[in-house]
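S.K.: Quick one: the structure is below, questions incoming.
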């Protein structure tokens with residue numbers, strides 16, 4: 001989630017390292033600005049805050065989203081964007097990447113959901129379904145996960161699960177991993193692969209990087225209040241809310257990525273370890289000095305993340 | 001390298017996380033103590049300091065090293081320990097793990113070299129050759145690398161390179177990676193696989209974790225003075241001294257491991273990225289809250305590192 005509140009701007013806590021690209025250095029030179037959140041029961045203030053966040057992202061990145069033919073539709077009653085990059089065939093044998101957007105479980109919906117999916121669709125090089133799941137304050141847990149489950153169920157009805165690949169960034173990584181647990185508990189087959197980009201798999205924020213990288217990550221700060229808004233009284237440690245604490249046996253091959261300055265570094269490496277300890281094929285990629293969410297999207301390092309995701313998806317999608 | 005100088009003890013800079021094992025928590029609760037090094041030209045003081053370090057490690061861990069049948073020998077004129085765990089067959093078709101010990105490029109030699117190799121020999125489950133390479137202050141660069149090259153050359157004379165696997169921890173990871181460069185430049189065939197455990201691949205210490213984890217790593221502090229002693233006037237950025245800056249094309253499949261609190265986290269992830277970008281098969285394992293060198297050797301996390309190394313070696317040694 002982008003920072004928009006300059007009420008408490010501070011200077012970067014650490015020097016900008018020479019060990020990253022010039023683009024990344026510029027990104028790291030940005031002072032962190034920390035968001036202050038409304039009281040949990042102030043619905044109007046939350047809605048205003050979320051709109052402000054989305055507007056900021058739109059104004060900052062709006063012109064930079066790549067253009068991909070996109071169709072707005074309803075799938076199983078859930079607003080969903082279907083993107084098909086040029087050259088990707090239609091039909092019920094073309095593989096589908098199910099994309100679950102980020103935004104701290106409160107932002108990144110609507111128009112932004114469709115726009116943010118375009119980069120991922122090009123990275124995947126596949127038909128991409130991006131779920132515009134319902135969010136707090138109006139629709140707290142379990143609405144988002146229910147929406148993801150409904151679209152996933154429709155997708156494995158429309159495709160062989162071997163042609164379905166699922167992924168999410170940040171909050172989307174929370175829902176993507178929780179979806180694996182939920183789908184298995186419902187008796188549904190899993191997808192061919194899972195992509196977790198700096199995933200918010202622990203809403204209790206118990207990992208060590210929430211301390212160590214608190215001053216180092218100039219993009220993300222604790223989402224404690226947001227997580228409480230999302231949970232709406234449910235236990236934050238419930239595996240459907242914090243899939244890090246779930247039984248991950250039977251997960252598909254999983255790609256995990258984070259940065260060394262990432263507030264979610266512990267989320268990512270702990271999930272990687274848990275998957276490996278459970279015998280799940282899982283690969284980890286950690287990028288030098290990268291804060292949560294990358295270096296703005298256009299750095300060589302961001303392209304390298306995309307290249308790794310593309311390679312992973314190529315290796316795990318059914319070979320034609 | 002262990003900390004032995006309590007002249008400047010400090011309190012742990014961060015709380016001990018609940019996200020690691022009780023054994024790991026006890027390790028993280030130890031206050032960091034920082035070593036002060038002699039002037040570069042004070043050879044006697046360096047020798048005394050190194051002896052003090054080795055004695056400390058022997059007194060602390062001496063009784064804990066597993067017992068593995070060990071033979072002291074000279075290979076290509078270099079003092080080397082040959083370890084053969086029970087059940088490992090002799091003969092010129094049994095694979096060999098070439099172990100390069102850690103100790104900041106100044107310590108861990110002699111008796112300690114043989115003792116420290118025993119855990120690795122059991123992890124590898126192979127005949128293990130551990131090189132007691134020459135070190136500063138009496139033998140600065142390139143003595144250690146020459147010794148490693150000489151033993152490696154003898155080893156690939158005695159074995160099919162497909163039966164040779166090379167690895168090192170910390171300073172040993174520096175020499176193991178530098179050996180890959182040097183051997184290739186000499187026209188020698190590479191080994192079947194390479195293991196780099198929190199490797200000191202950048203003696204210039206340019207990575208971001210040298211800043212971010214300076215207060216978080218309660219085991220290791222900057223080795224700037226030691227690196228200058230080792231380099232003895234050579235350029236620290238020379239790839240034979242800092243293999244991170246070398247051309248890693250043609251490297252064998254590589255295993256890399258570090259911790260999120262590790263001063264060498266950047267070394268490790270940058271080497272991983274460089275290998276991947278060059279098309280080398282490389283896998284990364286990063287452990288929650290782990291400082292440099294693990295959690296003392298007996299924690300569940302330490303055992304998990306060994307399990308991953310064992311699995312990697314099993315996958316990459318020639319199948320019988």
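Coordinate-derived values only; no laboratory data. Predicted, not measured: the structure shown is a model, and the values here were computed from it. Here the Cβ positions follow ideal geometry from the backbone for every residue, glycine too, while neighbour counts run over all protein chains shown.
S.K.: Given a Förster radius of 25 Å and the C-beta distance between residue B:34 and residue B:249 as r, what FRET efficiency does 1/(1 + (r/R0)^6) yield to the nearest 0.05? Walk me through the numbers before you get to the answer.
M.R.: On the way: r = 38 Å, r/R0 = 1.53.
FRET efficiency, residue B:34 to residue B:249: 0.05.
S.K.: Taking the Cα centre of each part, how many Å lie between region B:182-232 and region B:64-116?
M.R.: The two parts, judged by their Cα centres, are 21 Å apart.
S.K.: Taking neighbour Cβ counts within 10 Å as the exposure measure, how do A:268, A:204 sort from fewest upward?
M.R.: Working: A:268 30, A:204 18.
Ordered from fewest to most neighbouring Cβ atoms within 10 Å, A:268, A:204 come out as A:204, A:268.
S.K.: To the nearest 0.05, how large is the calculated FRET efficiency for residue B:235 and residue B:76 if R₀ is 25 Å and r is the Cβ-Cβ distance?
M.R.: On the way: r = 27 Å, r/R0 = 1.08.
Efficiency, from the Cβ-Cβ distance: 0.40.
S.K.: Test of understanding: in a Gaussian network model of chain B with alpha carbons linked when under 10 Å, which of B:217, B:235, B:262 would top the mean-square fluctuation ranking?
M.R.: Of the options given, B:235 has the highest mean-square fluctuation.
S.K.: Between residue A:160 and residue B:26, what FRET efficiency comes out of the Förster formula 1/(1 + (r/R0)^6) with R0 = 45 Å and r the beta carbon distance, rounded to 0.05?
M.R.: On the way: r = 50 Å, r/R0 = 1.11.
That gives a FRET efficiency of 0.35.
S.K.: Can you tell me which of B:277-284, A:291-298, A:158-165 comes out highest on packing, and rank the rest after it, using the mean Cβ neighbours within 10 Å? It would help to have the intermediate numbers written out before the result.
M.R.: Details: B:277-284: 16.5, A:291-298: 21.2, A:158-165: 18.4.
Descending mean neighbour count gives A:291-298, A:158-165, B:277-284.
S.K.: Does region B:1-133 come out rounded, prolate or oblate, given a ≥ b ≥ c as the square roots of the eigenvalues of its C-alpha gyration tensor, rounded meaning a/c under 1.5 and, failing that, prolate meaning a/b above b/c? Write down the numbers at each step before the final one.
M.R.: Numbers: a/c = 2.97, a/b = 1.40, b/c = 2.12.
It comes out oblate by the Cα gyration axes.
S.K.: Build a GNM of chain B with springs between Cα atoms under 10 Å: which of B:116, B:126, B:30 gets the top mean-square fluctuation?
M.R.: Between B:116, B:126, B:30, it is B:30 that shows the largest mean-square fluctuation.
S.K.: Among bridges DSSP assigns within region A:22-316, what percent are antiparallel (round to 5)?
M.R.: Values: 10 of 36 bridges.
Roughly 30 percent of the DSSP beta bridges within region A:22-316 come out antiparallel.
S.K.: Which distances in nm, rounded to one decimal and ordered from shortest, link the label point of residue A:247 to the equivalent label points in the other identical copies, with labels set 7 Å from Cα toward Cβ?
M.R.: Ordered by increasing distance: 5.3 nm.
S.K.: Under the rule a/c < 1.5 gives rounded, and otherwise a/b versus b/c splits prolate from oblate, where does the protein assembly as shown land using the Cα gyration tensor? Kindly include the intermediate steps, with their values, before the conclusion.
M.R.: Details: a/c = 2.12, a/b = 1.68, b/c = 1.26.
The shape class here is prolate.
S.K.: Something else now. What value, in deg cm²/dmol to 500, does the helix sum -39500 (n - 2.57) over DSSP H runs of n ≥ 4 give at 222 nm once divided by the residues of the protein assembly as shown? Don't jump to the answer; show the numbers that get you there.
M.R.: Working: 18 runs with 226 residues, N = 640.
That calculation yields -11000 deg cm²/dmol at 222 nm.
S.K.: Using a 10 Å cut-off around each Cβ, can you sort B:34, A:184, B:182 from fewest to most neighbouring Cβ atoms?
M.R.: Numbers: B:34 14, A:184 17, B:182 21.
Neighbour counts put them in this order, fewest first: B:34, A:184, B:182.
S.K.: Still on this model: May I ask you to compute the full-extension gain from residue B:153 to residue B:90, defined as 0.36 nm times their residue separation minus their alpha-carbon distance, rounded to one decimal in nm? Let's see the in-between values first.
M.R.: Numbers: separation 63, 0.36 × 63 = 22.68 nm, distance 1.96 nm.
Full-extension gain reported as 20.7 nm.
S.K.: Shifting gears a bit: Counting DSSP beta bridges with both partners in the protein assembly as shown, what percentage is antiparallel, nearest 5? Write out the running numbers ahead of the final one.
M.R.: Working: 20 of 72 bridges.
So the antiparallel bridges in the protein assembly as shown amount to around 30 percent.
S.K.: To continue, here is another question. Report, for residue B:160, each distance to the same residue's label point in the other copies, shortest first and in nm; define the point 7 Å along Cα→Cβ.
M.R.: So the distances to the same position in the other copies read 3.7 nm.
S.K.: Testing the spin-label approximation: label points 7 Å from Cα along Cα→Cβ at residue B:278 and residue B:214. State their distance in nm.
M.R.: That separation, rounded to one decimal, is 3.0 nm.
S.K.: In percent, how large is the relative contact order of region A:118-209, given Cα pairs closer than 8 Å and 6 or more residues apart? Intermediate values should be presented prior to the final figure.
M.R.: On the way: 96 pairs, mean separation 22.2, N = 92.
The value is 24 percent.
S.K.: Let me ask something else. Find every distance from the label point of residue A:61 to the corresponding label point in the other copies (7 Å from Cα along Cα→Cβ) and write them in nm, one decimal, shortest first.
M.R.: 4.5
S.K.: Under 10 Å, Cα contacts only: if you run a Gaussian network model on chain A, which one of A:18, A:117, A:178 comes out with the highest mean-square fluctuation?
M.R.: A:18
S.K.: Starting from 0.36 nm per residue, how many nanometres of slack lie between residue B:52 and residue B:224 once their C-alpha separation is accounted for? Present the calculation step by step, with values, prior to reporting the outcome.
M.R.: Working: separation 172, 0.36 × 172 = 61.92 nm, distance 1.93 nm.
Gain in length upon complete extension: 60.0 nm.
S.K.: Oh, and also: Could you put A:14, A:264 in order, starting from the residue whose Cβ has the fewest other Cβ atoms within 10 Å?
M.R.: On the way: A:14 15, A:264 32.
If I rank by nearby Cβ atoms, fewest first, I get A:14, A:264.
S.K.: Then there's this: Rounded if a/c is under 1.5, else prolate if a/b beats b/c, else oblate: with a ≥ b ≥ c from the C-alpha gyration tensor eigenvalues square-rooted, which is region B:22-316?
M.R.: It comes out rounded by the Cα gyration axes.
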